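Data block below; observations after.
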Amino acid sequence: MTIGQPRKDVYPSGFTMSESTKLLSVQITLITAYALIILLGLVGNSLVIYMIVKYKTMRTVTNFFIGNLALADLMVDTLCLPFTLVYTLMDEWKLGAVLCHLVPYAQALSVHVSTLTLTVIALDRHRCIVFHLDSRISKKFSFIIISMTWFLSAVLAGPLAIFREYKLIDLQPINVKFVVCSEKWPSGNARDGTIYSISMFILQYALPLGVISYAYVTIWIKLKNHISPCARSDSHYRRRKTTKMLVMVVVVFAVCWLPFHIFQLVSDLDKRFFKFTEYKLLYTIFHVVAMCSTFANPLLYGWMNKNYRNGFILFFRCGHKGDNLNANAEFSVKTKSHPLRVEARNGSLCKYRDRLGHPPTDV
């Protein structure tokens, strides 16, 4: 399974002159889609990391894990998507031997990091909520866990960087030459690739989602049946809201990546599928859908969590002096008895941010 580029090594595009990806309108659509995904991913995930670094109240264990997700998505936006688009449009690999090994490895690495991090978040919340454990993972230990996710992901993605070949193909007697970046497994056939694909589908997608689903189902049952005392109702409500947000993050990730994983699995199990004229177009469509997960998380945070939403508002309204009563409604409510209330209501959000020092309480 090659993540991040179509399998031209098996079926060179030189044989498919009628494929739709050569049409100008399709190429413009693909360029627009990839450019939009890259832009939204860079801006959204950079803002998430910025908020966690900037504000002390955002430096919690859950937010550290969320920041790790954002970092993995930023890797895809910078190291994978631009090169994948170029390879798709140019019909051959013209990016050199180093990127031939790096691009598929970087994307596989980021996907592994994302699934492992989502699993860790689910298990951590399951531990605290279902078993009523007030002692959360320490911040220091959370960084150890994050380091372990990157190390394990690097090992699992390793074969995509090691077993690759950058070569020139010369098709005779038609005298067509092109460069490909292809998988080259030790056995010399595609069987190893198929075994790796099935293994990664299980380890990278099916098994983590099974664990995550079990964790959140039990969490949801616990929260639904739990009757909190009045003094703890606020905390209970925040837990439910945060759990809803994290479940949505998992659902979006699963939905975005499912078509791509199925497509790759079917392609590896039945090599005749590579001879389908529109194989590359289908691959690219499913790849675009999968890559939408790289910018979806910041949108979910801004929609479902007041802390991130307020932080995004603070960032984008910095320096704006206009009348922002509606935009700042949440700040007005939260600062009702605060001496900075008038400044926030008048739209002087930079001054509000600097004097207060941080947005409202964290997840």
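Fully extending the segment from I285 to A97, taken as 0.36 nm per residue of separation minus the present Cα-Cα distance, adds 65.1 nm.
Nearest 20 debye, what's the magnitude of the dipole of region 13-304 about its Cα centre given +1 on Lys and Arg Cβ and -1 on Asp and Glu Cβ?
For this selection, approximately 1240 debye.
My understanding is that a pair violates if its Cα-Cα distance is over 25 Å; which of K56/K222; K177/K280; K244/K280; K56/K306; K54/K222 do that in this structure? Beyond 25 Å between Cα atoms: K56/K222; K244/K280; K54/K222. Please label the shape of region 13-304 as rounded, prolate or oblate, based on the square roots a ≥ b ≥ c of the eigenvalues of the alpha-carbon gyration tensor (a/c under 1.5 means rounded; beyond that, a/b larger than b/c means prolate, else oblate). Prolate.
FYI, it's all coordinate maths here, none of it is from the lab. A quick note: this is a predicted structure, and the numbers were derived from the prediction, not measured. Quick reminder, even Gly has a Cβ in these numbers, built from the backbone with ideal geometry, and neighbours come from all protein chains shown.
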